[in-house]
Structure formats: C-alpha cells, structure tokens
Amino acid sequence: MVLLGAVLWGVSGTAAQVLFQRDGLNPAWLVSVRMTTSGLLLLIALSARFGFAHTFAIWKNKRDAFGIVLLGIIGLLGVQYSYFASIRYGNAATGTLLQYLGPIFITIYVALRRRRMPSVKQLTAVLIALLGVLFLVTNGNWHSLSIAPLAVVWGLISAITLAFYTLYPAALLRTYGASTVMGWGMLIGGIGMSLMAPPWTFSGHSGPGTWFLVGFVTLFGTLLAFYIYIASLKYISASEASLLACGEPLSATILTVAILHVPMSWSSILGAICILTTVTILARSKSEQSE
C-alpha cells in the first residue's frame, strides 16, 4: 500500500512536468485546483461517515484553529507549490529528490532543539546527502550548475516545508486524526493559493490529454495516494513507511528518463543514490530508536 501511494506521487510529479513544460500550465493554478478539490472531497467523505460535528470540531478550539491554518498555509501549501515550482524550472526527478532532503532538516532541527549533537549515523547521513545534492546539481562539473538555480532553490524550500509539515501537526493528528487534519489543511492551502491563482482563471493549452493529467494529479496523485499511505500505517511503522516511500523519487526518476527522455548522467545517478541512502539511514536509525 505504501509503495503504491509513493509510486502515485512519483507519477503525479512526472504528469505535472508535462503540464508545465508541454501545456504551459501555471504551477500555482494546479496547486489551487489540486488542494481545494482534494480537501473538499476528503471533508465531504468524513462528514458522510462521522457527521458534521466530528469534521468541524477542530474549529471550536482557537489554538487548534490557528494551528490548522498555519499548517495549511505554510506546511501543505508551501510544500505543494515549492515542489511543483522546482519541477517547472527543472524536472520531476530532480524536484522529487531535492524534496527528499526533508529528513535532513528534521534531523538538524531536532538536534538544535534538544541542544545535542546528532549521532554519528545521522551526521554521516547529512554528509552523504550534501554530497548527493552536489552531484545532482553540478552533474560532475564543480564550477557550474547543471540545472536551473530556481529549480534548486524551490527544491530546497520544498524539503524545508516538508520537514515543517512533518513535525508541526503532531498534536493535531493525535487529537483529530490524519484525515481531518489533512482535509482541512489541504482546503485551507487551496483557498490561500486561489487568492493568487483562482481555479477559474485557466491559462495554457487545453485538451483532453491536459484535463486527464489534471484529474490524475488531483484524484490519484493527491487524494488516493494520501489515503493509501495513511492506511498503510495500520500495518507498518512510520519509519518503515518512510523507507518504502523511496518508491516516489525512484518512480519519478524512471518515468522522467523513460517517457520524457530527460538524460541522467552518472553524476546525477550517483547523487540520487546518495540521497536515497540518506533516507534509508535516517529511517533505520529512527526505527532502532523506537525499538
């Protein structure tokens, strides 16, 4: 289940690259449609199953209401837009791999908060990740970038916001559950993005293929992928899930190379291996600590 969810996310990134670079869609518009639609559908499903009182309970507490707005705008909207912006200026493989540096920022934040140096294993993971980014963005030529600087900047922002939305909503998730928190978070983020890119102001090439990909990104790459991933946590631990979620950058990379014919040099492949190794080290380290 977690692998299927991760693959759907990876395919969604590749579909977004086609929409941006072939059909000329605005990433902000796709984010507003994707988040608003998914959030609404998720909340409607929750209301149908548990009732409106359950769905709207989060708004009765001022602190939690502020928290869900912060999560929706900074966390979910931040990570969605920055990820798509990185794909627009680069490609799905690079954008997804840069986003997977999120665990590095989580490790750094936790170390600073606890005022304790990371373990040797965690420090090793950080160094491997930095080496991987260096390989990925320079393509082996240390004097210049092989991809657009904006793709790198937005990719790093997506990693930071990924770390934020992973760490911040822990209390909200314990109180209200993942579906409620993510449903409201996505809807709020979508509404926030709609202020800058309303869903009714479409621009770019319009055709059956375009709308099929928009529907896929919205329904399969967001709503279904989220449901499958969350459901998998009933059977495996979060650390195991984060390990298996490496299927996302792998699927995005394979599709980017095979379908979109974006070349991957030995340096890019080595960078990808370094970043995926980092995720594996940190996930296994977390699993050992929990045991």
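Of the residues contained in the stretch 24-40, none is found to be at pLDDT 90 or above, among the hydroxyl-bearing types (Ser, Thr, Tyr), more than 29 Å from CYS246 (Cα to Cα) and out of contact with any strand residue (DSSP E or B) (no Cβ under 7 Å at 6 or more places or on another chain).
Taking each residue of the stretch 191-208 that is farther than 30 Å from VAL69 by Cα and looking for partners that are of a type in the set (Gly, Ala, Ser) and in a loop (DSSP other than H, G, I, E, B) with beta-carbon atoms closer than 6 Å, six or more apart or interchain, yields GLY204/GLY24; HIS205/GLY24. Condition test on ALA197, is it crowded, with 18+ Cβ neighbours inside 10 Å and over 30 Å from ARG49 (Cβ atoms)? So ALA197 fits the description; yes. Figure legend. Inter-residue proximity from the stretch 90-110: first residues more than 22 Å from HIS261 (Cα to Cα), second residues among the small types (Gly, Ala, Ser) and surrounded by fewer than 23 Cβ atoms within 10 Å (Cβ to Cβ), beta-carbon distance below 6 Å, spacing 6+ or different chains. Indicated pairs: GLY102/ALA163; PHE105/ALA163; ILE106/ALA163.
On inspection, GLY215 fails the criterion of being farther than 18 Å from ILE44 by Cβ, assigned to a helix (DSSP H, G or I) and small (Gly, Ala, Ser).
Looking at GLY190, is it part of a helix (DSSP H, G or I) and in contact with a Lys or Arg (Cβ under 8 Å, 6 or more places away or on another chain)? For GLY190, the condition - part of a helix (DSSP H, G or I) and in contact with a Lys or Arg (Cβ under 8 Å, 6 or more places away or on another chain) - is met. If you go through the stretch 23-53 and pick out every residue that is surrounded by fewer than 20 Cβ atoms within 10 Å (Cβ to Cβ), out of contact with any helix residue (DSSP H, G or I) (no Cβ under 7 Å at 6 or more places or on another chain) and part of a helix (DSSP H, G or I), you end up with 7.
Yes/no matrix, rows are residues, columns are (1) at pLDDT below 80; (2) in contact with a strand residue (DSSP E or B) (Cβ under 8 Å, 6 or more places away or on another chain); (3) more than 18 Å from ASN91 (Cβ to Cβ):
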| site | (1), (2), (3) |
| --- | --- |
| LEU250 | yes, no, no |
| LEU260 | yes, no, no |
| SER265 | yes, no, no |
| ILE269 | no, no, no |
| ALA272 | no, no, no |
| THR277 | no, no, yes |
| THR280 | yes, no, yes |
| LYS286 | yes, no, yes |
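Looking at the stretch 77-95, is at least one residue surrounded by fewer than 18 Cβ atoms within 10 Å (Cβ to Cβ), closer than 16 Å to SER158 by Cα and among the hydrophobic types (A, V, I, L, M, F, W, C)? Checking the stretch 77-95: not a single residue is surrounded by fewer than 18 Cβ atoms within 10 Å (Cβ to Cβ), closer than 16 Å to SER158 by Cα and among the hydrophobic types (A, V, I, L, M, F, W, C).
I need a count of the residues in the stretch 93-110 that are of a type in the set (Gly, Ala, Ser) and at pLDDT below 85. Matching residues across the stretch 93-110 total 2. Selection within the stretch 225-244: residues that are surrounded by fewer than 17 Cβ atoms within 10 Å (Cβ to Cβ) and part of a helix (DSSP H, G or I). The member of this set that is modelled with the lowest pLDDT is ALA238.
Please specify each residue of the stretch 75-93 satisfying the condition of being in contact with a Ser or Thr (Cβ under 7 Å, 6 or more places away or on another chain), farther than 11 Å from PRO27 by Cα and not in a loop (DSSP other than H, G, I, E, B). Step through it out loud before you land on a result.
Looking only at the stretch 75-93, we keep the residues that are in contact with a Ser or Thr (Cβ under 7 Å, 6 or more places away or on another chain), and these are 75, 78-79, 82-83, 86, 91-93.
Still in the list and also farther than 11 Å from PRO27 by Cα: 75, 78-79, 91-93.
Within the stretch 75-93, GLY75, GLY78, VAL79, ALA92, ALA93 meet the criteria.
Of everything in the stretch 111-132 that is among the aliphatic types (A, V, I, L, M), touching a residue at least 40 places away in the same chain (Cβ under 8 Å) and surrounded by fewer than 22 Cβ atoms within 10 Å (Cβ to Cβ), the residue that is farthest from ALA252 (Cα to Cα) is VAL126.
The values are calculated or read from the model by the stated rules, or taken from the named source; none is laboratory data. Predicted model, so just to flag it, every value in this text is computed and none were measured. Neighbour counts run over all protein chains shown; Cβ positions are idealised from the backbone, glycine included.
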